[in-house]
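Colleague: Okay, handing you the structure first.
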Amino acid sequence: MTTQTSTPPPAGKTGFQLPKWAGSFGFQIIAALIVGLGLGLLAKYTGSTKANPNALGTTLQTIGSSYVSLLQTAVVPLIFTAVVSSISNLRAVSNAARLAWNTLLWFAITSLIAVLIGIGLGVLLQPGAGTGISQDATYAGKSGDWWAFLTGLFPKNFLGLGASTTVTDGVATTAVSFNVLQILVIAIAVGIAALKVGKAAEPFLALNASALAVIQKVLWWIIRIAPLGTVGLIGNAVAVYGWDTIGSLGKFTVAIYIGLALVLFVVYPVLVRSHGLSVRQYFSGVWPAVQLAFVSRSSIGTLPLTQRVTERNLGVPRAYASFAVPLGATTKMDGCAAIYPAVAAIFVAQFFGIQLDFTQYLLIALVSVLGSAATAGTTGAVVMLTLTLSTLGLPLAGVGLLLAIDPILDMGRTAVNVAGQALIPAIVAKRQSILDETLYNAPRNGDPFSDDVGTTAVDPSAAAAPAAGRDERELVDVKA
């Protein structure tokens, strides 16, 4: 008689377990998109509207807006501490100026390519012809102009803080806002000053590094709940705007998304391949940030994740990525500042029966390449569009026609923005021979937080620049 004994299950492996792929960040975002779409359609067809949302519509709106508020709250201190830390990390680098110049140059090159694609699509598809929309649309929002952009560079206070008060039915409401571009200017000035001061600034830089480590940890927690925020954001967008909203502007919407697709899936892969890098590895590396950008509609809100995938997935040294990615989040916007204003300006001209000449097309390209920084910290693509229209002398009333579908367009625009913000540091790093190609070509596991263990280091210098020794050595070794 034989006695059979059962082998006990390994520790930690008892009970039902989800497949490994189901726990990946990318899968969670895709699942949240599907759930949000379903809940949004349910809310819409049960009577929820923008003016009078029902219980489900209100819930989706609250979840989405709360998640965006969490992101925005943590972003301001992140930008300041990250930029100051990045500049301090470059103190041992002899070619920092050349890296900055190459970064700005490639920002301009890709923006020019994107705006030429936008102009070509506008001329070819004629999105403003035969829309069937009445021409009584008005727009009372803020208009962008060059002088306002230049004066906006000068901070009015140390925090780049602004406040506006509105009175409704005798009740005054004050809204506080931060000018991201001014915060960037302040942070750059403080970082350079700390470098000039030298040893006396070491305690300040250590404090800044510790603050950056704490802020990043809080932001990782916020980003980890992105699937929940995705359900609310997508669900609310579908419930409020639905599919019928884009019907009258369908050709314009198609033109924008074709342009975004050409930049993301044709231009960027060509640039990646022409630099001897794997296109598949680029997309698998940057995709978590692109997904979050699509649902959050915020390049700044996605900044922590963009920087993480740029460093850990694409192999860009932290000392350089911590400078290039925050800069790109405020000035590198191929979707909002290149494709969109180009197609939209041509749409407005066609809608109002205005014939554009070659000089005006050149102006569209010039404004798009040089004016993208004017979108930082304001109202994004809307300001960029009004800046373009005012430069061309086109009716600003045309902006009002496009506001209804702006959230739908903004999802795709922001995704392309973020993909470009990670691409340029990788290209520049490759050209300067500082890219960690072993890390770039490493297998992906779909989880940008897989190596999150141990990031709560107490040592301020370690918190400021993990692997800083490798980064600085690589940067110093760049060929002159």
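Coordinate-derived values only; no laboratory data. Please read all numbers here as calculations on a predicted model, not as lab measurements. Don't worry about glycine lacking a Cβ; one is built from the backbone with ideal geometry, like all the others, and counts go over all protein chains shown.
Colleague: Gain in length, Q126 to T46, computed as 0.36 nm per residue apart minus the alpha-carbon separation, to one decimal in nm? Can you show the working numbers first?
Modeller: On the way: separation 80, 0.36 × 80 = 28.80 nm, distance 3.65 nm.
That works out to 25.1 nm of additional length.
Colleague: I need the phi-derived Karplus couplings for region 60-66: 6.51 cos²θ - 1.76 cosθ + 1.60, θ = phi - 60°, integer Hz, Gly and Pro marked x.
Modeller: 4, 4, 5, 4, x, 5, 5
Colleague: Each residue of region 225-239 in turn: what ³J(HN,Hα) in whole Hz from Karplus with 6.51, -1.76, 1.60 and θ = phi - 60°, glycine and Pro shown as x?
Modeller: The phi angles translate into 8, 4, x, 5, x, 4, 4, x, 5, 5, x, 5, 4, 5, 5 Hz.
Colleague: Step through the residues of region 40-52 one at a time and calculate ³J(HN,Hα) from phi using the Karplus curve (6.51 cos²θ - 1.76 cosθ + 1.60, θ = phi - 60°), rounding each to whole Hz and writing x for Gly and Pro.
Modeller: Once θ is set to phi - 60°, the couplings for region 40-52 become x, 5, 4, 5, 5, 7, 9, x, 6, 10, 5, 7, 10 Hz.
Colleague: For region 236-352, max minus min Cα coordinate along each principal axis, in Å, sorted largest first?
Modeller: Ordered largest first, region 236-352 gives principal extents of 48, 33, 24 Å.
Colleague: Now a separate question. Just grab the label-to-label distance for K156 and A189, each label 7 Å out from Cα along the Cβ direction, in nm (one decimal).
Modeller: Taking the simple label geometry, K156 and A189 are separated by 1.5 nm.
Colleague: Moving on. Quick one: length gained pulling A31 to E202 fully straight, 0.36 nm per residue minus the C-alpha distance?
Modeller: Values: separation 171, 0.36 × 171 = 61.56 nm, distance 4.61 nm.
Computed gain between A31 and E202 is 56.9 nm.
Colleague: Okay, moving on. Which entries of K44/K217; K156/K199; K217/K430; K199/K430; K156/K251 show an alpha-carbon separation above 31 angstrom in the structure shown? Please report the intermediate quantities before stating the final value.
Modeller: Values: K44/K217 37 Å; K156/K199 29 Å; K217/K430 29 Å; K199/K430 33 Å; K156/K251 43 Å.
Result: K44/K217; K199/K430; K156/K251 exceed 31 Å.
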